[in-house]
Structures are given as C-alpha cells and as structure tokens.
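Presented below is the structure to which this report refers.
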Amino acid sequence: MRTSVVASITALALLSAAAGAAEDASARVTSRMHSFLQAVNNFDERAFSAHVDDSVTMFAPDMPDVASLNRLTGRAAVEGNFFHLFATLRKKLAGPPYLDIRPRDFLVQVGAGTAIVTFDLATADGGLGRRTFVFEKRASDWFIVHIHASNVAAAASRLTDRS
C-alpha cells in the first residue's frame, strides 16, 4: 500500500512538473513571438535575425516583391525577402514603428521541443491575414523554423471576422 501511495505521489509530481514546463515553454514562445513581431514592425534586421533559425523556411506568396511563390529555404533567402521589404517600405512609411501588426485569435501549441503559433490579423485592404510560425527549442532558446503567411480577400474575410 505504501509503495502505491509513493508511486502515486511521484506520478503526480512528474505530471505537475511537466505541466509547469509546458506553461513555461508557452510563455517563452509567446514572448519570442511578440518580440519578433516588434522587430518586424520596426524593420529591425538585427532583432529579426535573432529569432530565426539558420534552417528557416517560408511560404509567403502575398508578400510584396517576394522572390518566389515557392518555399524559401534558409536564413539568407528568408531574411533577404524581409530585408528587401523593410528597405522598400522604409522609404515610403514614417517610423519606427513602420507597421502595426496586431495579432487576433493568438494561439500557442507546445509539444516536445516544438511549438506552433497561429493568429490572424486585419490587412490594409480590409482582408484577413493568416499567420503560422513553427518554433523549435534549441539549446539557448526557441527559434522560428517555419513561417507561413497567406491572406484572404476582403469579401471572403467577412465569413470569418471575429472582431
């Protein structure tokens, strides 16, 4: 009897520790995501780079002047597209901040060493932007390994408007 009580207490302690670790991971990923969005809003290339992994991939067919409608692979390709956009828009917009990305319906899902962040946002043309970021835990922190950005036209976005 005493052995089963000790085993039950040990199991509960392990479950509690695992739940605490998942909450800590979720909070850290949330912090990293918001910090990344601040870097994008401010066109801060150094801060942007501090959030992405060398192996990052991206689908962003609606991004202005995107180099390819296909998947972009690697830090150089992804940063090159964003930094080109930053340089182009920096000439046209007042800032920083240059953008005002405001996530809606923000969700973080954490697994074993991987986290997925999804949200939507209003686009300048009245449409709906959908964003998905995949993070992986590295030795020092959580880093973005995949970005998916797509937009829905204004007429279709009314079907999913949650504001």
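For region 58-77, name all the residues that are more than 17 Å from residue 124 (Cβ to Cβ) and in contact (Cβ under 8 Å) with a residue 60 or more places away in the chain. Within region 58-77, 58, 59 qualify.
Taking region 109-143 as the range and being within 19 Å of residue 27 (Cα to Cα) and among the small types (Gly, Ala, Ser) as the test, the residues that pass are 111, 112, 113, 115, 139, 140. Inspect region 70-93 for any residue being assigned to a strand (DSSP E or B), touching a strand residue (DSSP E or B) at 6+ places or on another chain (Cβ under 9 Å), at pLDDT below 95 and among the aliphatic types (A, V, I, L, M) and give the result as yes or no. Yes, that holds for at least one residue.
Across region 48-65, the qualifying residues are those that are among the charged types (D, E, K, R) and in contact with a helix residue (DSSP H, G or I) (Cβ under 9 Å, 6 or more places away or on another chain), and the one among them that is nearest to residue 146 (Cα to Cα) is 53.
Taken over region 26-46, the criterion of being within 14 Å of the chain's Cα centre (by Cα) and either surrounded by 18 or more Cβ atoms within 10 Å (Cβ to Cβ) or among the hydrophobic types (A, V, I, L, M, F, W, C) (or both) is satisfied by 27, 29, 32, 33, 36, 37, 39, 40.
The values are calculated or read from the model by the stated rules, or taken from the named source; none is laboratory data. Everything numeric here is computed off the predicted structure, so don't read it as measured data. Cβ atoms come from the backbone with ideal geometry, glycine included; neighbour counts cover every protein chain shown.
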